[in-house]
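To start, the structure under review is shown below, and the notes come after it.
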């Protein structure tokens, strides 16, 4: 595997009974890139995320992350390997505080045993203090430090999106998967999100793969993308090539978008 390729998927296929949700998805993500996975609703995009992150075990195919085979590993092991994600439908711990949500993400890297915590050993105390301090730093990065004691479910939608990203960053990933991060955002919030994704990519030395329906965001931020339709890759390439691809226009973008582009 090329050392500059962070994730390489080969022939990923997911079948549910007689239904093939994704067929033969292959992709290679260069280190430090921001890449996109687009297509109509039901095209299989989130299914690809679920196979990459261990929520689904592929029927066929392989996931290789930084030279390590991850195919079939459960989500917590994939996370420990260095892949974090957000979800299309936000999945926060709504009854916990903003700070506690981020701290929960940090515990995947915890070294102290649960017994050390139960008996309040100094090592556990020091580690918990360090987790709390780093979680506060991450909240500052995403602009939520002033809300650390608020209940997560009370946050506005856009703030919940940022909190979910902060929790993902707390796991110390090398690869961050964002599932429709701009969903529900207004144009100004979407524009701010573009700068924010670039900021965290650079600040945390990340590679980013995102699913998104907002074509303005995708075309502005992504360096390369794959297009799925009915579970099959119909195109891949740079944004300029994608927006003029006849198959993509017919299946997803539409003639009106092509004329406006």
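Between 12, 37, 99, which is outside any loop (DSSP other than H, G, I, E, B), over 15 Å from the mean Cα position of the chain (by Cα), in contact (Cβ under 8 Å) with a residue 12 or more places away in the chain and closer than 30 Å to residue 155 by Cβ?
Just a single option satisfies the conditions, and that option is 99.
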Search result, residues across the stretch 187-197 that are under 17 Å from residue 139 (Cα atoms) and touching a residue at least 24 places away in the same chain (Cβ under 8 Å): 193, 196, 197
Tell me which of these residue 50 doesn't satisfy, since it passes every other one: (1) closer than 24 Å to residue 152 by Cβ; (2) modelled with pLDDT of 95 or more; (3) out of contact with any helix residue (DSSP H, G or I) (no Cβ under 8 Å at 6 or more places or on another chain); (4) not in a helix (DSSP H, G or I). (4)
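Please determine, by comparing only the residues of the stretch 127-143 that are in contact (Cβ under 8 Å) with a residue 40 or more places away in the chain and more than 15 Å from residue 104 (Cβ to Cβ), which one is surrounded by the fewest Cβ atoms within 10 Å (Cβ to Cβ).
The selected residue is 141.
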Would you check which residues across the stretch 1-41 are touching a strand residue (DSSP E or B) at 6+ places or on another chain (Cβ under 7 Å), more than 29 Å from residue 220 (Cβ to Cβ) and surrounded by fewer than 14 Cβ atoms within 10 Å (Cβ to Cβ) and list them? 1, 11
Kindly establish whether residue 178 is crowded, with 22+ Cβ neighbours inside 10 Å, within 30 Å of residue 64 (Cβ to Cβ) and in the same structural domain as residue 52 (by TED's automatic domain parsing). yes
The listed residue being surrounded by 18 or more Cβ atoms within 10 Å (Cβ to Cβ), touching a strand residue (DSSP E or B) at 6+ places or on another chain (Cβ under 8 Å), more than 18 Å from residue 7 (Cα to Cα) and not assigned by TED's automatic domain parsing to the domain that holds residue 27, out of 165, 200: 165
Condition (residue is in a loop (DSSP other than H, G, I, E, B), out of contact with any helix residue (DSSP H, G or I) (no Cβ under 8 Å at 6 or more places or on another chain) and surrounded by 15 or more Cβ atoms within 10 Å (Cβ to Cβ)) applied to the stretch 248-257: is it met by at least one residue? no
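Given 50, 89, 101, which one is surrounded by fewer than 16 Cβ atoms within 10 Å (Cβ to Cβ) and within 23 Å of residue 160 (Cα to Cα)? Lay out the reasoning, then the answer.
Numbers: 50 fails: surrounded by fewer than 16 Cβ atoms within 10 Å (Cβ to Cβ); 101 fails: surrounded by fewer than 16 Cβ atoms within 10 Å (Cβ to Cβ).
None of the other options fit; the residue is 89.
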Checking residue 96 against (1) under 20 Å from residue 23 (Cα atoms); (2) touching a strand residue (DSSP E or B) at 6+ places or on another chain (Cβ under 9 Å); (3) surrounded by fewer than 17 Cβ atoms within 10 Å (Cβ to Cβ), the condition it does not meet: (1)
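The values are calculated or read from the model by the stated rules, or taken from the named source; none is laboratory data. The structure displayed is predicted, hence computed values, not measured ones. All Cβ positions, even for glycine, are placed from backbone atoms using ideal geometry, and neighbour counts span all protein chains on display.
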